[in-house]
Amino acid sequence: AAANREEDREEPNTNIDGNKGDENDSAQNIENRGGEETNKGNAENQDGYVTPRAEQDQDMASDPSSLPFAAKRRLFDSPNPGDSFEGSLVEEMGDETAESSKVRRVGALQVCARPLAVKTAQAMPVSYVATRDIGNVDVFDQRTGEKLDPELVRAGRAKERENMQEQGLFKRVSAQEARGKRVRSMWLDELRRDDAGKPFVRSRCVAMEFNQYERLDTYTGTPPLKFVKLILSRAASSKCSRGWRRVLGLYDVVTAFWHATLPDDEPLVVIPPRGEEDDGVLWQLLKAMYGTRRASLLFAEFMVTVFAAAGYRALKVSRQLFYHPGFDSLAALHGDDVIIEALPEDLDQVDEVFREKLNVKVLARVGPEAAKIGRYLKRYVCYVPGVGFELHEDPKHVVEVIRRRNKDGAKPQATPDSKDLGKNDPNALDELSAAEATEYRSDVGRILYIASGRFDLQHVARVLGTQMSKPLRSGVLRINRVARYLSGIPFVGLHFDHQEPPGGSTIPVDSNWAEEPDRYSTHAGCEFVGKHLVESWVVTDQVRALSSAEAELYGIVDGAARGILTQNLYEELGQAWRAEVQSDSSAAIAISSKSGVGRTRHIATRWLWVQDAVRNKQISLTKVKGTENVADMGTKALDAAKFQELRAKLPLRAPRCPEFLAIVAGFGLTVPGASGELDKQANDKEKQDQQENYQYQAYQDGPREFGDQVCQNCQREFGNQVSVTGGESEQYAGYRFYQVTGGGYKYGQDYSGYLLLFVLGFVFFLGCATGVGVMMAARRLYGIGGVRRRSPDVRDQGQQTYMEKNRGHDKVSQAPCTYTAVRKVMHPRFLVLPEHSWG
């Protein structure tokens, strides 16, 4: 340390900001100050970044504590990719003095000019193995840590180098010709399997441009999964004159980032992985490379131009969503995966443009008159002819959770969570060991993935996620219950059945006040576009609500925001769209409908924008019964009967696609009877709704056309329960309807109108008779319509005064008379003449 400080005093070109001294020999100065001989392979970029050769880095990484100061500083600035190195673990050593605390700038990193002790953490082995050393050194999977087959690794890297040459990713230059910032690179190898189940290694050569400072020109937003579901909903809701013909086009862009040209304003130079090039040869990048900070943004902007060539325009809601007005087609881009809904002939034109401008895999189309199953974002998209589309999560994660947590094959549970879970266990609040915590986090990660498409699991997934940092024994009990629940209904997915084009979305929301131990509330909701569930959520509130009405208000605000997003999307497509938020809280609806905070003075104004949205009729609020609010299953653990009743209202059903059932069967796990019960509940409810719609639906069509078309449609829906009656075809003329007979539907004469008229006539007659009877009884009992007279012995002073005042005068003609006018009084029985009677 003293020697290093002495050398620092003697250096004339030492500087902090790099503005003094000779910039060209800054690398030499850094090397010489450490007392280490400069290596001829070292190079330096415009920022003074030191790039020693990989062999030296290997030596430095072997024993960092024995290195001189300059070598330590170089290791800190550019760590060996094969080591797990964290700058936060660097500790300062020695006494702090004014002379030894000088700060130097190496590249974009500031380090203290005093000895450093480098700590390394244990990490999963990384495949930083030169291609020439494969076979002599083990290569590991970058994701799982599994040892890879050397031959598969060689084949994967050879294919990657071939793609580099075809795409024109870089040009080879010498260290003197290179310009721009220099970054290292490394190999990443991952074991995968193709559609036939054959293993192969996907190798990537990635650059390592670290995030050393904040930049605003590197962000690329990815559209949420909600937009994928909206694309499926549009494909299932668009019917042309020739029937249901919309299909889904799936594409996978190969070496996606390499299509984007690197701009000249920020040149980059990549140091090849060890053993890939001769000494002194560098790669001057011409295209965006994996691992560079602007790669994703550059590729996204490139795809905008590609879609524009195909006639699509990027939407303002998300720049990764594209719309073609002529095709009425919506497309989404997720990284290097593309999904488009359109007619087959329109997709043919898109395929031509993609093949011309991209290195793309045109995958099988899914839909009518096309393939029945495809994959997108590691999910399965299926189509059932005449019914609609399905979206299923990867079943391997369900199988893994059941295998790990329900080894004994315990009886399936009816619900994934329970309020009484762990109450009688004295060890429920004990923390897990390190190994158990790792398994806990792994299983919770799988459950979170499964719950992304299953609203029935989102509440328990949220509860499990709250213990990720500090897992408890109660979390293990809850995971075991989820595994038993999944063993009963393992494979259910979202069904997007054919429907008429909807004009808006319905968003039921609900909240559970102060559910958490820290008294935070939980709100949940789901968004339906027609019958299709396009989004569902379970969220913990950001603030503590002081009342249930306030908690419900936060749920309404969240649901309104999500509904407005869908509204903005459809309005940008040129379609009027309504968003209806449903809540079971009258108080929350009242707060959202008025102006200002009112008596709830503590509510922050950031939540009151929903009042303007309601006032401007951008959204509408409606009241729904708490027993019928499907969002209730996302706020708390329900009993089995209530849970199954609400679950039956969701389009979560067992798979009907034979191709997907074959995939499920390959895991050795069949769909048990409980899944059939779930599907039966949904089908019974749907059939009941259709019965109500068909029961009194009249038609006036041609004889043969009506008899064939309608009955075939009905037979497809309800099987052999439908029969045709009426004899000859001429008897089919006129109005006809489906009449419920014996649990099925029968096509016959419509007598419902006559029956309705008879019932209405009978009710009218009964009402008239009742009214006449009531009037006669009132006349008899209360004297309505006659002159009631009262006995003199019951006269009061007021009555006597009235009589004296009007005695001897006729009220109409004002002429003298011989009788006394008597005020009408309510007397049930007596009609007694007064003293001065004219009778």
Item to complete: Taking the residues in the range 291-300 that are open to solvent by 20 Å² or more (accessible area, probe 1.4 Å) and over 25 Å from the mean Cα position of the chain (by Cα) as candidates, determine which candidate is farthest from Val269 (Cα to Cα).
Response: Leu298
Item to complete: Please work out if Ile589 is farther than 30 Å from Ala235 by Cβ and among the β-branched types (Val, Ile, Thr).
Response: yes
Worksheet item: When only residues in the range 349-371 that are open to solvent by less than 50 Å² (accessible area, probe 1.4 Å) and part of a loop (DSSP other than H, G, I, E, B) count, which is farthest from Leu232 (Cα to Cα)?
Response: Leu358
Practice prompt. Could you figure out which of (1) under 27 Å from Arg375 (Cβ atoms); (2) out of contact with any helix residue (DSSP H, G or I) (no Cβ under 9 Å at 6 or more places or on another chain) isn't true of Arg215?
Written response: (1)
Worksheet item: Counting only residues that are of a type outside the set (D, E, K, R) and assigned to a helix (DSSP H, G or I), which one in the range 216-233 is surrounded by the fewest Cβ atoms within 10 Å (Cβ to Cβ)?
Response: Leu225
Item to complete: Return only the number of the condition from (1) under 29 Å from Arg355 (Cβ atoms); (2) open to solvent by 20 Å² or more (accessible area, probe 1.4 Å) that Met303 does not satisfy.
Response: (2)
Discussion item. Within the range 517-561, take every residue that is touching an Asp or Glu at 6+ places or on another chain (Cβ under 7 Å) and in a loop (DSSP other than H, G, I, E, B) and give me the one that is least open to solvent (accessible area, probe 1.4 Å).
Written reply: Ser521
Practice prompt. Within the range 133-145, identify whether any single residue is touching a residue at least 24 places away in the same chain (Cβ under 8 Å), under 30 Å from Asp265 (Cα atoms), open to solvent by 20 Å² or more (accessible area, probe 1.4 Å) and under 35 Å from the mean Cα position of the chain (by Cα), and answer yes or no.
Written response: no
Discussion item. Going residue by residue through the range 279-290, is there one that turns out to be outside any strand (DSSP E or B) and buried (at least 20 other Cβ atoms within 10 Å of the Cβ)?
Written reply: yes
Worksheet item: In the list Ser203, Ser185, which residue meets the criterion of being more than 20 Å from Leu262 (Cα to Cα), in a strand (DSSP E or B) and in contact (Cβ under 8 Å) with a residue 12 or more places away in the chain?
Response: Ser203
Worksheet item: Can you spot a residue in the range 397-410 that is modelled with pLDDT under 95, open to solvent by less than 30 Å² (accessible area, probe 1.4 Å), in a loop (DSSP other than H, G, I, E, B) and under 27 Å from Phe660 (Cβ atoms)?
Response: yes
Item to complete: With respect to Ala178, determine if the residue is in contact with a strand residue (DSSP E or B) (Cβ under 6 Å, 6 or more places away or on another chain) and either more than 17 Å from Ala288 (Cβ to Cβ) or outside any strand (DSSP E or B) (or both).
Response: yes
Discussion item. Go through the range 142-175 and report how many residues are of a type in the set (A, V, I, L, M, F, W, C) and assigned to a strand (DSSP E or B).
Written reply: 2
Practice prompt. May I ask you to verify whether Asp632 is open to solvent by less than 70 Å² (accessible area, probe 1.4 Å) and modelled with pLDDT under 90?
Written response: no
Discussion item. Quick test for you: out of Ala236, Ala256, Ala260, pick the one residue that is in contact with a Phe, Trp or Tyr (Cβ under 6 Å, 6 or more places away or on another chain), within 30 Å of Val384 (Cα to Cα) and crowded, with 18+ Cβ neighbours inside 10 Å.
Written reply: Ala236
Worksheet entry | the range 306-348 - residue that is open to solvent by less than 20 Å² (accessible area, probe 1.4 Å) and assigned to a loop (DSSP other than H, G, I, E, B) and, of those, farthest from Ile564 (Cα to Cα) | Ala310
Discussion item. For the range 570-597: of the residues being in contact with a helix residue (DSSP H, G or I) (Cβ under 7 Å, 6 or more places away or on another chain) and loosely packed, with under 15 Cβ neighbours inside 10 Å, which is nearest to Gly530 (Cα to Cα)?
Written reply: Ser593
Discussion item. Suppose we keep only residues that are open to solvent by 60 Å² or more (accessible area, probe 1.4 Å) and of a type outside the set (D, E, K, R) within the range 166-215. Which one would you say is farthest from Lys378 (Cα to Cα)?
Written reply: Gln176
Response to the item:
Note on Asp351: of the conditions (1) closer than 30 Å to Asp394 by Cβ; (2) under 21 Å from the mean Cα position of the chain (by Cα); (3) not aliphatic (A, V, I, L, M), unmet is (2)
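The values are calculated or read from the model by the stated rules, or taken from the named source; none is laboratory data. Since the structure is predicted, the reported quantities are computational estimates derived from the model, not experimental observations. Cβ coordinates were reconstructed from backbone atoms using ideal geometry, including for glycine residues, and neighbour counts include every protein chain displayed. Just the protein is used for accessible areas: all its heavy atoms, side chains included, with ligands, DNA and RNA removed. Shrake-Rupley method; radii C 1.70, N 1.55, O 1.52, S 1.80 Å.
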